[in-house]
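Each remark here refers to the structure printed beneath this line.
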Amino acid sequence: MGDQTGAIREYREGLALNPDSATAHFHLGLIHAAEGDIGNAEKHFRQAIHLAPNYFEAHLKLGQILFRRGETAHAAPHLRKAAESPGATLRNAANALLMSR
């Protein structure tokens, strides 16, 4: 994924200028998840959703984290929201997890 430390620094600098950037929070979540830092990934996905309630990708990623942790009841609302996405790939990924519960 390239220079993750540099990417984290750049997104944090961006958030210092615009703390309400759901996109920056989402991308920080992706980077932290890729590094295995699930706690920080979850925090940033939740913040992205707080700032942009229809951020379908953030709902999917948060739902996946919760699902993998065995918190299916908490994952379900996020996966259902992701399943509302107009994008077929996102919809299919969310529906696959919902059906496997």
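The values are calculated or read from the model by the stated rules, or taken from the named source; none is laboratory data. Everything numeric here is computed off the predicted structure, so don't read it as measured data. Every residue, glycine as well, gets a Cβ built from its backbone with ideal geometry; the counts of neighbours run over all protein chains shown.
Does any residue of the range 67-84 turn out to be outside any helix (DSSP H, G or I) and touching a Leu at 6+ places or on another chain (Cβ under 9 Å)?
No; the residues of the range 67-84 include none that is outside any helix (DSSP H, G or I) and touching a Leu at 6+ places or on another chain (Cβ under 9 Å).
In the range 89-101, which residues are in a helix (DSSP H, G or I) and either farther than 28 Å from residue 11 by Cα or β-branched (Val, Ile, Thr) (or both)?
Filtering the range 89-101 down to residues in a helix (DSSP H, G or I) leaves 89-99.
Residues satisfying the conditions are 89, 92, 95, 96, 97, 98, 99.
Can you tell me which residue in the range 70-96 is farthest from residue 23 (Cα to Cα), limited to those that are among the basic types (Lys, Arg) and touching a residue at least 12 places away in the same chain (Cβ under 8 Å)?
80
Among the listed residues 15, 28, identify the single one that is modelled with pLDDT under 85 and either more than 12 Å from the chain's Cα centre (by Cα) or of a type outside the set (Phe, Trp, Tyr) (or both).
Working: 28 fails: modelled with pLDDT under 85.
Being modelled with pLDDT under 85 and either more than 12 Å from the chain's Cα centre (by Cα) or of a type outside the set (Phe, Trp, Tyr) (or both) holds for just one of 15, 28, which is 15.
Out of everything in the range 1-53 that is of a type in the set (Phe, Trp, Tyr) and under 20 Å from residue 74 (Cα atoms), what residue ends up being surrounded by the most Cβ atoms within 10 Å (Cβ to Cβ)?
Per the criteria, the residue is 45.
Which of the residues spanning the range 50-65 are of a type in the set (A, V, I, L, M, F, W, C) and either closer than 15 Å to residue 83 by Cβ or free of Cβ contacts under 8 Å to residues at least 24 places away in the same chain (or both)?
56, 58, 60, 62, listed by residue number.
Taking the range 1-15, which residues are part of a loop (DSSP other than H, G, I, E, B) and touching a residue at least 24 places away in the same chain (Cβ under 8 Å)?
First, pick out the residues of the range 1-15 that are part of a loop (DSSP other than H, G, I, E, B): 1-3.
Hit for the range 1-15 is 1, nothing else.
Which of the residues that make up the range 62-94 are among the acidic types (Asp, Glu) and under 14 Å from residue 49 (Cβ atoms)?
84
Scan the range 58-65 and tell me whether some residue there is crowded, with 20+ Cβ neighbours inside 10 Å, among the basic types (Lys, Arg) and part of a helix (DSSP H, G or I).
Looking through the range 58-65, at least one residue is crowded, with 20+ Cβ neighbours inside 10 Å, among the basic types (Lys, Arg) and part of a helix (DSSP H, G or I).
I'm checking my understanding of the structure. Among residues of the range 16-53 that are polar (S, T, N, Q) and in a loop (DSSP other than H, G, I, E, B), which one is farthest from residue 69 (Cα to Cα)? Break it down stepwise before answering.
From the range 16-53, those polar (S, T, N, Q) are 18, 21, 23, 40, 47; that's our starting set.
From what's left, in a loop (DSSP other than H, G, I, E, B): 18, 21.
On the way: 18: 31, 21: 27 Å.
Once the filter is applied, the top-ranked residue is 18.
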